[in-house]
Amino acid sequence: ISSGDRLIKADWARLDAGRQEADLKGSVFLKYGNDWLKGEHVVWNLENETGQVDNGLIYFSENHFYVQGRLIAKTGPTEYHLSDGFLTACDPENPDWSLRYKEMNVDTNKVAWVKHSSFWAKNIPLLYTPIAALPIEQERQSGFLMPWAGSSRVNGIEIELPYFWAI
(Lines give C-alpha, C1' and ligand atoms only; values in the text may rest on other atoms or scores of the structure.)
Protein backbone atom coordinates (compact mmCIF):
# COMPACT_ATOMS: atom_id res chain seq x y z
CA ILE A 1 0.00 0.00 0.00
CA SER A 2 1.54 3.35 -0.96
CA SER A 3 0.56 7.00 -0.99
CA GLY A 4 3.05 9.81 -1.63
CA ASP A 5 6.12 9.28 0.56
CA ARG A 6 4.32 6.60 2.62
CA LEU A 7 4.65 2.88 2.08
CA ILE A 8 3.25 -0.18 3.89
CA LYS A 9 4.42 -3.73 3.15
CA ALA A 10 3.32 -6.94 4.88
CA ASP A 11 2.87 -10.65 4.18
CA TRP A 12 -0.78 -10.34 5.22
CA ALA A 13 -2.97 -7.23 5.54
CA ARG A 14 -6.57 -6.43 6.38
CA LEU A 15 -7.93 -2.91 5.98
CA ASP A 16 -11.01 -1.67 7.81
CA ALA A 17 -11.94 1.24 5.53
CA GLY A 18 -14.59 2.58 7.92
CA ARG A 19 -12.18 2.88 10.86
CA GLN A 20 -9.16 3.58 8.58
CA GLU A 21 -7.26 0.83 10.41
CA ALA A 22 -4.81 -1.67 8.95
CA ASP A 23 -4.03 -4.99 10.66
CA LEU A 24 -0.67 -6.16 9.29
CA LYS A 25 1.17 -9.44 9.92
CA GLY A 26 4.46 -11.00 8.83
CA SER A 27 7.55 -8.94 7.89
CA VAL A 28 5.72 -5.64 8.26
CA PHE A 29 7.50 -2.52 6.96
CA LEU A 30 6.07 1.01 7.23
CA LYS A 31 7.88 4.01 5.76
CA TYR A 32 7.00 7.67 6.33
CA GLY A 33 9.45 9.94 4.51
CA ASN A 34 12.91 8.82 5.66
CA ASP A 35 11.65 7.23 8.90
CA TRP A 36 10.64 3.57 8.97
CA LEU A 37 9.26 0.89 11.22
CA LYS A 38 9.57 -2.92 11.09
CA GLY A 39 7.70 -5.56 13.08
CA GLU A 40 5.89 -8.89 13.01
CA HIS A 41 2.41 -7.62 13.87
CA VAL A 42 1.21 -4.03 13.48
CA VAL A 43 -2.20 -2.47 14.03
CA TRP A 44 -2.06 0.98 12.44
CA ASN A 45 -4.59 3.81 12.13
CA LEU A 46 -4.03 5.35 8.69
CA GLU A 47 -5.94 8.55 9.48
CA ASN A 48 -4.14 9.72 12.63
CA GLU A 49 -0.96 7.64 12.08
CA THR A 50 -1.04 5.92 15.46
CA GLY A 51 -0.82 2.27 16.32
CA GLN A 52 0.95 -0.58 17.99
CA VAL A 53 3.86 -2.80 16.93
CA ASP A 54 4.84 -6.15 18.42
CA ASN A 55 8.61 -6.87 18.45
CA GLY A 56 9.41 -3.79 16.42
CA LEU A 57 12.32 -1.67 15.29
CA ILE A 58 11.97 2.03 14.42
CA TYR A 59 14.46 4.27 12.64
CA PHE A 60 14.26 8.05 13.20
CA SER A 61 16.27 9.63 10.37
CA GLU A 62 16.48 13.17 11.84
CA ASN A 63 18.18 11.95 15.03
CA HIS A 64 19.72 8.83 13.42
CA PHE A 65 18.34 6.65 16.24
CA TYR A 66 17.22 3.05 16.15
CA VAL A 67 14.68 2.04 18.79
CA GLN A 68 13.78 -1.62 19.36
CA GLY A 69 11.00 -2.80 21.64
CA ARG A 70 8.85 -5.79 22.53
CA LEU A 71 5.92 -3.37 22.34
CA ILE A 72 5.99 -0.01 20.57
CA ALA A 73 2.87 2.17 20.61
CA LYS A 74 2.61 5.47 18.77
CA THR A 75 -0.01 7.30 20.81
CA GLY A 76 0.07 10.74 19.13
CA PRO A 77 1.81 12.75 16.41
CA THR A 78 5.09 12.84 18.38
CA GLU A 79 4.37 10.54 21.34
CA TYR A 80 5.47 6.94 21.83
CA HIS A 81 5.24 4.35 24.60
CA LEU A 82 7.78 1.51 24.47
CA SER A 83 8.39 -1.64 26.53
CA ASP A 84 11.44 -3.94 26.91
CA GLY A 85 13.99 -2.81 24.35
CA PHE A 86 16.94 -0.59 23.54
CA LEU A 87 17.92 2.51 21.59
CA THR A 88 21.18 3.22 19.79
CA ALA A 89 22.68 5.33 17.02
CA CYS A 90 24.80 2.36 15.88
CA ASP A 91 23.93 -0.69 13.78
CA PRO A 92 21.07 -2.25 15.78
CA GLU A 93 22.25 -5.79 14.99
CA ASN A 94 25.59 -5.26 16.79
CA PRO A 95 25.64 -1.84 18.49
CA ASP A 96 28.82 -0.37 19.96
CA TRP A 97 26.61 1.21 22.64
CA SER A 98 22.97 1.00 23.63
CA LEU A 99 20.55 2.23 26.24
CA ARG A 100 18.37 -0.67 27.36
CA TYR A 101 15.05 0.03 29.05
CA LYS A 102 12.10 -1.66 30.69
CA GLU A 103 9.71 1.18 29.84
CA MET A 104 10.08 4.45 27.92
CA ASN A 105 7.70 7.32 27.15
CA VAL A 106 8.93 9.63 24.40
CA ASP A 107 7.81 12.95 22.97
CA THR A 108 10.08 13.44 19.97
CA ASN A 109 9.78 17.24 20.34
CA LYS A 110 10.69 17.32 24.04
CA VAL A 111 12.01 14.55 26.29
CA ALA A 112 12.11 10.78 26.82
CA TRP A 113 11.33 9.39 30.29
CA VAL A 114 13.01 6.03 30.83
CA LYS A 115 12.33 3.54 33.64
CA HIS A 116 14.76 0.80 34.68
CA SER A 117 17.38 1.65 32.11
CA SER A 118 21.02 0.67 31.73
CA PHE A 119 23.80 1.94 29.51
CA TRP A 120 25.82 -0.76 27.72
CA ALA A 121 29.09 -0.68 25.79
CA LYS A 122 28.93 -3.70 23.47
CA ASN A 123 27.82 -6.48 25.89
CA ILE A 124 29.05 -4.83 29.08
CA PRO A 125 26.60 -2.99 31.37
CA LEU A 126 28.17 0.25 32.65
CA LEU A 127 25.41 2.21 34.39
CA TYR A 128 21.92 1.52 35.76
CA THR A 129 19.28 4.04 36.78
CA PRO A 130 15.71 3.40 37.94
CA ILE A 131 14.44 6.55 36.17
CA ALA A 132 16.00 9.08 33.79
CA ALA A 133 15.02 11.92 31.48
CA LEU A 134 16.75 12.14 28.11
CA PRO A 135 16.55 15.34 26.04
CA ILE A 136 15.27 14.78 22.52
CA GLU A 137 15.16 18.35 21.19
CA GLN A 138 17.61 19.13 18.40
CA GLU A 139 18.23 22.75 19.47
CA ARG A 140 20.84 23.57 22.08
CA GLN A 141 19.39 23.96 25.53
CA SER A 142 20.72 24.83 28.97
CA GLY A 143 21.26 22.02 31.43
CA PHE A 144 23.61 20.05 33.63
CA LEU A 145 26.36 17.99 32.03
CA MET A 146 28.01 14.76 33.25
CA PRO A 147 29.29 15.21 36.82
CA TRP A 148 32.89 14.38 37.77
CA ALA A 149 34.44 13.43 41.11
CA GLY A 150 37.92 12.53 42.24
CA SER A 151 40.49 12.90 44.98
CA SER A 152 44.20 13.53 45.30
CA ARG A 153 46.71 14.18 48.06
CA VAL A 154 47.26 17.73 46.78
CA ASN A 155 43.66 18.90 46.29
CA GLY A 156 41.70 16.47 48.47
CA ILE A 157 38.19 15.51 47.37
CA GLU A 158 36.93 17.30 44.26
CA ILE A 159 33.43 17.32 42.81
CA GLU A 160 32.45 19.06 39.58
CA LEU A 161 28.90 19.55 38.33
CA PRO A 162 29.20 21.47 35.04
CA TYR A 163 26.28 23.47 33.66
CA PHE A 164 25.89 24.38 29.99
CA TRP A 165 24.23 27.76 29.43
CA ALA A 166 22.66 28.16 25.99
CA ILE A 167 22.82 31.95 25.64
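For this structure, a couple of remarks:
- Given [x] 73, 38, 23; [y] 61, 51, 30; [z] 41, 39, 35, the label whose value is Cα extents along the principal axes in Å derived from this model: [x]
- Which of I131, A22, I1, positive extreme of dipole for region 1-148 (C-beta unit charges): I131
- When only Cα pairs below 8 angstrom with a gap of at least 6 residues are kept, the chain shows a relative contact order of 10 percent.
- The fraction of accessible area contributed by carbon and sulfur in the chain is 54 percent, rounded to a whole number (1.4 Å probe; ligands and nucleic acids excluded).
- Extension gain for N34 to W165 (0.36 nm times residue separation, less C-alpha to C-alpha distance): 43.9 nm.
- Accessible surface computed residue by residue for region 30-167, with neighbouring protein chains in place and a 1.4 Å probe, gives 65 Å² per residue.
- Where labels lie 7 Å past Cα in the beta-carbon direction, separation of A133 and S151 in nm: 3.2 nm
- Net charge of Cβ neighbours under 10 Å - reference L37; Lys, Arg +1; Asp, Glu -1: +2
- Residues listed by number, region 38-57, amide nitrogen under 13 Å from R19 label point at 7 Å toward C-beta: 43-47, 51-52
- 10 Å beta-carbon shell around K9, net charge (K/R +1, D/E -1): +1
The values are calculated or read from the model by the stated rules, or taken from the named source; none is laboratory data. Note that the structure is predicted; figures quoted are calculated from it, not measured. Glycine also receives a Cβ, built like all others from the backbone with ideal geometry; neighbour counts cover every protein chain displayed. Heavy atoms of the whole protein, side chains included, go into the accessibility calculation; ligands, DNA and RNA do not. Shrake-Rupley method; radii C 1.70, N 1.55, O 1.52, S 1.80 Å.
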